[in-house]
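> Take this structure, written in structure tokens, and hold onto it; I'll ask about it next.
The values are calculated or read from the model by the stated rules, or taken from the named source; none is laboratory data. Since we're looking at a predicted model, the values are computed, not measured. Virtual Cβ from ideal backbone geometry, glycine too; neighbours counted across all protein chains shown. Accessible surface areas use protein heavy atoms only, side chains included; no ligands, DNA or RNA. Shrake-Rupley method; radii C 1.70, N 1.55, O 1.52, S 1.80 Å.
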Amino acid sequence: GAAVGVGLGALYLLVVVLLPLLAVAIKSFDGGIGEFWHEVTRPQAWAALKLTVGISIAVTVVNAVMGTLIAWVLVRDEFPGKRFINTLIDLPFALPTIVAGIVLLALYGPKSPLGVNIAYTRVGVALALLFVTLPFVVRSVQPVLISFDREMEDASRSLGAGPWTTFRRVILPNLRGGILAGCALAFGRALGEFGSIVLIAGNLPFKTEVASVYLYGQIEN
């Protein structure tokens, strides 16, 4: 029974995930490595790739810190509205990304009710990516914090360690795996995100055009 379950799981993963990725990789090298490299290093394509990777790294770093902090507050603290906020974290998962883009454009676009216009800027792109990737770190760190043995913290404090030393030497090493997993998921999502940024970015070549939008334009053309 276990062998059958593993086999079915592997087959499903192969059909749904690995084969499509393999097809994309094979298709991209239809013209050979030289043609692939030529297309990737076109000035517009290269600018889009650099912008995407750079903003994705920055967003991942911010979410690593803020996502861990939010997870800590949700697990360790009690306050009014905690259940609502805990549910709100999953909103980017449930909300269609194009709807998220419309909401962000309405809030931070030319007609912003807040008086803040960051549409068609790299800040707007980063904000959209922060919105859609935050849950990955929070939901990866939360289970680790819930299962964390609080007695280790008590032992550290009983030996004279302060709160910061306890966090850095005892808690953080145990959270590292969850943080890294969340960061990997957030970085991957940021690299391929399309819906939430296609409106607020403005898709200006060499300025706010990201890789996914550039690829979409090439396919359309």
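> Over the chain, give the accessible area per residue in Å² for a 1.4 Å probe, as an integer.
60
> Starting from the alpha-carbon convex hull of the stretch 34-103, give the projected area averaged over all orientations, in nm².
Result: 7.2 nm².
> Read phi for every residue in the stretch 99-112 and hand back ³J(HN,Hα) as whole Hz from Karplus 6.51 cos²θ - 1.76 cosθ + 1.60, θ = phi - 60°, with x for Gly and Pro.
With coefficients 6.51, -1.76 and 1.60, one gets 5, 4, x, 5, 4, 5, 5, 5, 7, 10, x, x, 9, 4 Hz.
> Taking the full set of protein chains and a 1.4 angstrom probe, give the accessible area of Lys50 in square angstrom, rounded to the nearest 10.
120
> Dividing the convex hull volume of the alpha carbon atoms of the stretch 93-221 by its residue count, what do you get in Å³ per residue?
144
> Additional query: Kindly provide log₁₀ I(q)/I(0) values, in the same order as q = 0.10, 0.12, 0.16 Å⁻¹, from the Debye equation applied to equal alpha-carbon scatterers of the chain.
The Cα Debye sum returns log10 ratios of -0.62, -0.84, -1.16.
> Please get the size of the charge dipole for the stretch 91-221, origin at its Cα centre, with Cβ charges of +1 on Lys and Arg and -1 on Asp and Glu, quoted in debye to the nearest 20.
240
> So, one more: Taking the Cα centroid of the stretch 23-66 and of the stretch 170-221, what is the distance between the two, rounded to the nearest whole Å?
11
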